[in-house]
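**Student:** Quick one: structure below, then a few questions.
The values are calculated or read from the model by the stated rules, or taken from the named source; none is laboratory data. Given the structure is predicted, the values throughout are model-derived calculations rather than measurements. Using ideal geometry, Cβ is built from the backbone for each residue, glycine included, and neighbour counts are taken over all protein chains shown.
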Amino acid sequence: MTLPALSAFLLAAIAASAPISASASGTVPALTRQSIKLIAYDRSGKVLKLPEFLSFIGRADRSPAAGQQLSGIFMAPADDPAASSRPVLEQKGDLMTLTWEKLPRASLSLPWPVADDGFSTVWADKDGAGFSDGDAVFLNEEIAVTQYRRFRESLRKHTSDGTPFYKPGAKMRKAADLAQSLMSRAHAEKDSVARARAFDAALTAVSAAWQKMLFEHGRQAALAAKSKGSLRFGLVIDESIFQRLDHYQRIVKEIKRTGANWVRLVFRSNPDDFVYENARSFIEYDAIVAELRGHDLRIMATVLDTGQWPRNMTPQIYAQRTKNLALHYKEQIRSWEVGNELNGDWLGGASASMTCDQVYHIYSAGAAKIKELDPSLETVATLYWWDGTAPDTEHSLFGWLKRYSRQGFGHDLDVLSLSLQPDDNPVGLAFETIFERVQAELPDKSLMLGSLGYVDKDKLQGYWWFRPDDVPAAREDLLVFAATASCAMPHSLCGGFWWQTLEQMIPGQSRTTSLYRTYAKTLEQLGR
């Protein structure tokens, strides 16, 4: 079974490859095709064939047997995403084969269900050397070994380079000892089925220890912050507020009660006055802004939500909209999210979306306009994490960031925020790696967790987290972990802006939810 469109679940990136020598004519010789064998076991110890493998690592709402569309596999040199190459995953005899071209050695990344924890984006990289032609990759083992090595590297970094230095607690030390013990036990197993199961158990322990470390260090960092006001913990007021204007004062009061100090205020598309030229377009927002400021809540205003970009948007139109909004609020709003999920493939409409170049030029016009009006105004841009499931390298977070940072993306930017939606794009063990790689690309920028969410309605459609059958509990677990762990990231302003605040935290006229109360308790424990 050949899958030419490739799997939305596999990504390969270059790892420690030797330089390629040019021939006497000055040309670089073409690399031969590389193939590796993949051996993966399910929880019962069964060797998975391709359809079963795709089901094992796949979304809850997609079945390979039903003709699942597979896309988004890519291989890319770490320093050149434009040179990406797609692998092919197919079943050959009893084994799965992954084939790619152009790159001599590659590491493998894919969504992977970690038992008793949830889906993560994980890596396997042959101890950092990368895989090459003919390798046989026992996925359960390679994933656990790679993630354990990365966890140990992370622990050393946090205890020696963190601000403040991380001081492991008793629970974390116990979790780390368990991970080490289970890894040793797995390496000692000789039977292939028992070995796979042992590495699965070790991976669960590694995930738990890593999360515990980030959680503990995040809390330590938040409590030790010299200025509590420098940390951002916020919720979101989106355009659905217009359906509840009679109760906006209560909503603002409830947001304040959580301990939040920021609010993302999303300006609606407003088709009757898209660029906000008329004073009447501001009437409702003026009242909301005044109420927020009256409760000492700082505002990050979103110029336009990612899903509202019209197909006929131009840099000139966007700059005018941005200018009119920023001028109207002058000293009232000092932070502007000029671009929201800029690397998405839906801006301008899913059926005929804009090119990445179009989006970048439109964003750039808005960011430049803010700095032209007042260089002290803060600009924020949000990028969407989906590098295991993106349709192509161009739209992936790191592919997009590497390309446009070289074209000046960071020039008019103060804060880079990340959007994590784990039900669509697994995070888990990749949490720290995502922040680290973004920071490496733009080392002089502040980072924050700018957008977080899990499942639109009540039924899981994508990848599960915490427990596949309990969406509310998974939301709470995710929010507690991510909002806290974000404070452990370097140059981080923290974060945790839960996107569906009005729907999932403050849904009714006179009630709040368990998720709301969990968020408030989390902020209390972080010193809010």
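**Student:** Just one of Ile299, Ile317, Ile333 is under 18 Å from Phe242 (Cβ atoms), surrounded by fewer than 23 Cβ atoms within 10 Å (Cβ to Cβ) and of a type in the set (Val, Ile, Thr); which is it? It would help to see each step written out before you state the result.
**Tutor:** On the way: Ile317 fails: under 18 Å from Phe242 (Cβ atoms); Ile333 fails: under 18 Å from Phe242 (Cβ atoms).
Matching residue, one of Ile299, Ile317, Ile333: Ile299.
**Student:** Further question on the same structure: Within the range 349-399, track down each residue that is acidic (Asp, Glu) and either assigned to a helix (DSSP H, G or I) or touching a His at 6+ places or on another chain (Cβ under 9 Å) (or both).
**Tutor:** If we filter the range 349-399 for residues that are acidic (Asp, Glu), which is where we start, we get 357, 372, 374, 378, 387, 392, 394.
Once the filter is applied, which keeps residues that are acidic (Asp, Glu) and either assigned to a helix (DSSP H, G or I) or touching a His at 6+ places or on another chain (Cβ under 9 Å) (or both), the range 349-399 yields Asp357, Glu372, Glu394.
**Student:** Of the residues Arg268, Arg219, Arg264, only one is in a strand (DSSP E or B), among the basic types (Lys, Arg) and either in contact with a Cys (Cβ under 8 Å, 6 or more places away or on another chain) or closer than 27 Å to Ala326 by Cα (or both); which?
**Tutor:** Of Arg268, Arg219, Arg264, the one residue that is in a strand (DSSP E or B), among the basic types (Lys, Arg) and either in contact with a Cys (Cβ under 8 Å, 6 or more places away or on another chain) or closer than 27 Å to Ala326 by Cα (or both) is Arg264.
Quick grid of which residues meet (1) closer than 25 Å to Trp464 by Cα; (2) in the same structural domain as Phe56 (by TED's automatic domain parsing); (3) surrounded by fewer than 21 Cβ atoms within 10 Å (Cβ to Cβ):
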| site | (1), (2), (3) |
| --- | --- |
| Phe119 | yes, yes, no |
| Ala129 | no, yes, yes |
| Asn140 | yes, no, no |
| Pro164 | no, no, yes |
| Lys171 | no, no, yes |
| Lys174 | no, no, yes |
| Ala186 | no, no, no |
| Glu189 | no, no, yes |
| Asp200 | yes, no, no |
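**Student:** Filter the range 227-272 down to the residues that are among the basic types (Lys, Arg), farther than 18 Å from Thr306 by Cβ and in contact with a strand residue (DSSP E or B) (Cβ under 6 Å, 6 or more places away or on another chain) and list them by number.
**Tutor:** Passing the criteria: only Arg232.
Results for (1) assigned to a helix (DSSP H, G or I); (2) within 23 Å of Thr258 (Cα to Cα); (3) at pLDDT 95 or above, shown as yes or no for each residue.
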| residue | (1), (2), (3) |
| --- | --- |
| Phe431 | yes, no, yes |
| Phe435 | yes, no, yes |
| Ala440 | yes, no, no |
| Val480 | yes, yes, yes |
| Lys521 | yes, yes, yes |
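**Student:** Within the range 321-356, how many residues are of a type in the set (Asp, Glu) and more than 16 Å from Pro391 (Cβ to Cβ)?
**Tutor:** Going through the range 321-356 one residue at a time, the tally reaches 2.
**Student:** Still on this structure, I have one more. Residue check: is Lys226 assigned to a helix (DSSP H, G or I), of a type in the set (Lys, Arg) and surrounded by fewer than 21 Cβ atoms within 10 Å (Cβ to Cβ)? Talk me through it step by step, then tell me what you get.
**Tutor:** On the way: assigned to a helix (DSSP H, G or I): no; of a type in the set (Lys, Arg): yes; surrounded by fewer than 21 Cβ atoms within 10 Å (Cβ to Cβ): yes.
Judged against the criteria, Lys226 is not a match.
Residue-by-condition table, conditions (1) touching a Cys at 6+ places or on another chain (Cβ under 6 Å); (2) hydrophobic (A, V, I, L, M, F, W, C); (3) in contact (Cβ under 8 Å) with a residue 60 or more places away in the chain; (4) farther than 19 Å from Trp336 by Cα:
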| residue | (1), (2), (3), (4) |
| --- | --- |
| Arg232 | yes, no, yes, no |
| Arg250 | no, no, yes, yes |
| Asp286 | no, no, no, no |
| His295 | no, no, no, yes |
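**Student:** What number of residues within the range 324-348 are in contact with a helix residue (DSSP H, G or I) (Cβ under 8 Å, 6 or more places away or on another chain), under 24 Å from Arg280 (Cβ atoms), in a loop (DSSP other than H, G, I, E, B) and not hydrophobic (A, V, I, L, M, F, W, C)? Even if it seems obvious, please write down each step before you answer.
**Tutor:** To start, the set of residues in the range 324-348 that are in contact with a helix residue (DSSP H, G or I) (Cβ under 8 Å, 6 or more places away or on another chain) comprises 326-329, 332-333, 336, 338-348.
Adding the requirement that they be under 24 Å from Arg280 (Cβ atoms) leaves 326-329, 332-333, 336.
Restricting the remaining residues to those that are in a loop (DSSP other than H, G, I, E, B) gives 332-333.
Those still in the list that are not hydrophobic (A, V, I, L, M, F, W, C) too: 332.
Selection size over the range 324-348: 1.
**Student:** Still on this structure, please answer the following. Please go through the range 482-514 and pick out each residue that is outside any loop (DSSP other than H, G, I, E, B) and among the polar types (S, T, N, Q).
**Tutor:** Initially, the range 482-514 is screened for residues outside any loop (DSSP other than H, G, I, E, B), giving 482-488, 492-495, 498, 501-504, 514.
Result: Thr484, Ser486, Ser492, Thr501, Gln504, Ser514.
**Student:** Scanning for something at pLDDT 90 or above and not in a loop (DSSP other than H, G, I, E, B), does the range 7-22 turn up at least one residue?
**Tutor:** Within the range 7-22, not a single residue is at pLDDT 90 or above and not in a loop (DSSP other than H, G, I, E, B).
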